[in-house]
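Trainee: One structure coming up, written as structure tokens, with questions to follow.
FYI, it's all coordinate maths here, none of it is from the lab. Only a predicted model underlies this, so the values are computations on that prediction, with no experimental measurement involved. When we count neighbours, we look across all protein chains shown, and the Cβ atoms used for this are built from the backbone with ideal geometry, even at glycine.
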Amino acid sequence: MTFYNKELTYRVTLDTELNLFIVFNEEDANQFATGVTIEQAVQELKKIA
């Protein structure tokens, strides 16, 4: 899924083996973050984006 946030656009995937959400920056796929929740992953992505 792709989500649009006023600050950034991101794509969310779920790693079912690790039970982690992975959030990718749509503008730069090399920027990504993980978290137990989508919200946590997005907050981590905002720190590096």
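Residue-wise test of (1) in contact with a Lys or Arg (Cβ under 7 Å, 6 or more places away or on another chain); (2) assigned to a loop (DSSP other than H, G, I, E, B); (3) among the β-branched types (Val, Ile, Thr).
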| site | (1), (2), (3) |
| --- | --- |
| 12 | no, no, yes |
| 17 | no, yes, no |
| 21 | no, no, no |
| 29 | no, yes, no |
| 40 | no, no, no |
| 43 | no, no, no |
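Trainee: Taking segment 32-49 only, how many residues are in contact with a strand residue (DSSP E or B) (Cβ under 6 Å, 6 or more places away or on another chain) and without any contact (Cβ under 8 Å) to a residue 40 or more places away in the chain?
Mentor: Within segment 32-49, the subset in contact with a strand residue (DSSP E or B) (Cβ under 6 Å, 6 or more places away or on another chain) is 32-35, 38, 41-42, 44-45, 49.
Imposing the further condition that a residue be without any contact (Cβ under 8 Å) to a residue 40 or more places away in the chain reduces the set to 32-35, 38, 41-42, 44-45.
Residues meeting the conditions: 9.
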